[in-house]
1. Plugging the Kirkwood radius over Cα pairs into Stokes-Einstein for the stretch 220-360, at a temperature of 10 °C and a viscosity of 1.306 mPa s, what D comes out in µm²/s?
2. Mind checking the alpha-carbon convex hull of the stretch 54-152 and giving the volume per residue in Å³?
3. Against the 2.2 N^0.38 Å scaling, with N counting residues, where does the stretch 118-177 land? I'd like the Cα-based Rg ratio to two decimal places.
4. Going by alpha carbons, how many degrees (0 to 90, nearest 10) lie between the helix axis of 150-175 and the longest principal axis of the chain?
5. Which residues in the stretch 242-264 have a backbone N closer than 19 Å to a point placed 7 Å from the Cα of residue 174 along the Cα-to-Cβ line?
6. Let me know the longest stretch in the chain that avoids all trypsin sites (Lys or Arg not before Pro) found in a DSSP loop with at most 13 other C-beta atoms within 10 Å.
7. On a C-alpha basis, how far is the centre of the stretch 213-269 from the centre of the stretch 105-147 in Å? Whole number, if you could?
8. Using every Cα-Cα pair within the stretch 89-140, state what percent have a distance larger than 16 Å.
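Please treat every number below as a calculation from the coordinates, not as lab data. Note that this is a predicted model, so its numbers are computed, not measured. Please note: Cβ atoms are built from the backbone with ideal geometry, for glycine as well, and neighbour counts cover all protein chains shown.
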Amino acid sequence: MTKKVRTGAHLRLLYFVFFIGMGSSGPFASIFLKRVLVGPSGRPAIELIGILYTILPFVGILASMSASIVADKFHLGRKVIAYCCIIAGLSAIMLGQSAEPWTGAWALDKRFIFILASSLIYGFGVGPINGLLDAETLHFLNATNAREKYGNFRLWGTYGWFVSTIVMGALLTRFLDLALIYYGAAAGCLMLGIATLFRMSNAGVPRLDKIPFSHLRDNRRFQIFLVYIFLYGLIYNMTFNYLGYFFDDIMSSFWQMGLIFGTWTIFEIPVMMFSHKLIRRFGNRRIIVVGLTINAVRLILFATFTMKTPYLYKFLVALLQGPGYAFTQIGVIDYIDRQAHQNMRATYLNVANLAQNTLGASVGGILGSVIIKELGSTAMFRLSGIAILGLVIFFLVAVKSENIKSVPWTTDT
């Protein structure tokens, strides 16, 4: 087996294992908080949940930027991934403990402080991982003149998500143990960390290239793109973070939720599989617009769901998540990679991740809790869908196309 084949297989494995952990926790996290952070009246403490979703993304600023600079400067991307995974895995175990019976006598404020502290550590570990995985993959693909095939690698994350969400839904239905949500995340992160450490190459000394931050500072086109990615991140993270919260009111079981969370990736698969042909044929801007439009329709239709809505209708509408996410993701990754300097690929990706999943998620966290408290979760999804339609217009007007050629590969492999 050649080095190229081994590296490609390893990167696919990393995506698969990482998204097993993320699928176990991500879509179920707001359900966990809704049922664990309960006030004396028996109602969910939506204000505290909003505070968590507002504060937690900011830990990603320090974590993502520090990790990406170390990865770029010393070419140690995979080692950084491994250490982040171990931190995330151990802290996820702590989060799971907050739902165990021995914490049942805790007052709401004590439980909130414990969850906040554990979540901050978890966010510090998990925050940089996805961006670093993408950077390592793009380094590899640029080196092999196959940069448009990112989707073929990210597809393995979809497989991991599909398996873990359905399994977690079944486990929660069977055992009704909320701690499993974060124990699943811990298992995925720890397996990924250990697997990455044991696949390291110890040959050679890390190269100490000077990182050209002026390239990022002077890149006006990318800066405008960051405005778009922030606005998109605000809406996407707000609806994703509170999706489980909403589904908990309009679904009859965890199994129904897990089945939707898993199978909504079905149409993500062909988009990811043929991403290279789509990018070459239509370009990243058109693909992003298609993804945004599908997501807008999905959110507006979600707002029509009630407990009486037939499950088949909910299932079919949820399938729009797959192509909506996939088109947006492959378009965004391709756009960023064409903008990035060869020695700053992880930095560029994590700057975008900071705008989308840190700043955007933070604003979306508090905004979502306010809308839910005042208007309800249904109104939040309806308003979010309309807002994405407005974002399509902003994107078409403000974000320009980019045709920078691929750049050389440098990595620690």
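1. Diffusion coefficient, whole number: 98 µm²/s.
2. Working: hull volume 10.8 nm³, N = 99.
Dividing the Cα hull volume of the stretch 54-152 by its residue count gives 109 Å³.
3. 1.54
4. 20
5. Once the point is set 7 Å along Cα→Cβ of residue 174, 253-263 turn out to lie under 19 Å by backbone N, inside the stretch 242-264.
6. It runs 1-206.
7. Between the Cα centre of the stretch 213-269 and that of the stretch 105-147, the gap is 15 Å.
8. 51
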